[in-house]
Each structure stands twice: as C-alpha cells, then as structure tokens.
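A short reminder: the numbers here are calculations on the coordinates, not readings from a lab. Remember, predicted model here, so these are calculated numbers, not experimental data. When we count neighbours, we look across all protein chains shown, and the Cβ atoms used for this are built from the backbone with ideal geometry, even at glycine.
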Amino acid sequence: MILESRQRRFLAEINIIPLVDVVLVLLVIFMVTAPMLYRGMDINLPTSASNTIKPEIRAVLSIEKDQRLYLDKDQVSMVQLEQKLRVLKEEHKDVSIYLRADRDVPYGVVVQVMDGVKKAGIEKLGMVTDPAGPERVADAMTPARMK
C-alpha cells in the first residue's frame, strides 16, 4: 500500500464575490423601497389671495479682463449701467446684484462699478469668487505672486 503523500491544502482567502453580490442586491432593494416608506400627512391647505413669499430677483454683473461690462448676458457701458440698474430697481424693489470680476481687472474699475450699483439704489451687492482649496492657497502664497 502506497501512502499518498499529498497533503490537503486549505485556501486561507475568503471569497468576497458572493458577499458583494448580496450587498448590491440589498442596496438596490433599499433604494427602491426607501422612497415608498416616507408617507407625509394628508392635509388640506387653505387658499390665500395674497402671496407672502416673493421670489428673489438676482442679476449678475460681470467685468471681463478687457474691462467690458455685462449685465446678465447683455453688454453695457458704464454710462448705461447705472440707468439699467435704476430701471431694474424700480421694477423689483428687492433686487440682488452679484458682481463677477476677472482677477486681472484693476481695482479702480471694480470700485467704479460698485459705486454705480450703490448710486442706482441697490443695497444687496455680492462678490462672486472661486473657492480657495489647499492648492489655491499654496499658489497664492508663492514668492513670485507676492511681488
């Protein structure tokens, strides 16, 4: 009788493919059933003749690198800007202006535009900027930019 010298080797790795299949099936089941589980209360809302919530009117004022002005998508001159903003203010009392200026536009031009917005009687003026991530802050702090 010859003894078989083969030893039985055990597989020490866990097969996770069936586990992934089960998890994906459960995910699909939860995604389908979750919207059905939420049930709000059935109520009859009263009607009102006046609407107390007014939609906010927003306009975007852009200054390009070559100092061209745009009110939303329409190009305007500095002279036309104040007139158009006054008309916008008369039509919508609670108008907001968002100012987008290229970083290479001289500061004096931006101040002139902001002054025109204030002269038109618009109180809400916001500045649009790009968010500064860690890489942007590092770029801004390099000695070449600080000169």
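What to note about this one:
- Using the average count of surrounding beta-carbon atoms within 10 Å as a protection proxy, the listed peptides 96-106, 16-26 rank, highest first, as 96-106, 16-26.
- Potential extension, Leu19-Ser77 segment - 0.36 nm per residue separation minus Cα distance: 14.4 nm
- Where the Cα pairs of region 57-130 fall when distances are cut into 10 Å bins, in %: 21, 61, 18, 1
- Distances between placed amide hydrogens fall under 5 Å for Val76 paired with Leu69, Tyr70, Leu71, all partners being 5 or more residues away or on another chain.
- Taken one residue at a time, the phi angles of region 13-30 give Karplus couplings (6.51, -1.76, 1.60, θ = phi - 60°) of 8, 8, 7, 9, 4, x, 5, 5, 4, 5, 5, 5, 5, 5, 4, 5, 4, 5 Hz. Gly and Pro are set to x.
- Under 5 Å, built H, 5+ apart or other chain: amide partners of Leu99: Leu61, Gly126, Met127, Val128
- Region 57-130: relative contact order as a whole-number percent, Cα under 8 Å and 6+ apart: 37 percent
- Residues whose amide H comes within less than 5 Å of that of Arg58, counting only those at least five positions distant or on another chain, are Ser96 (H built at 1.01 Å from N in the peptide plane).
- Using Cβ point charges alone (K and R +1, D and E -1), the dipole size of region 57-130 about the Cα centre works out to roughly 140 debye.
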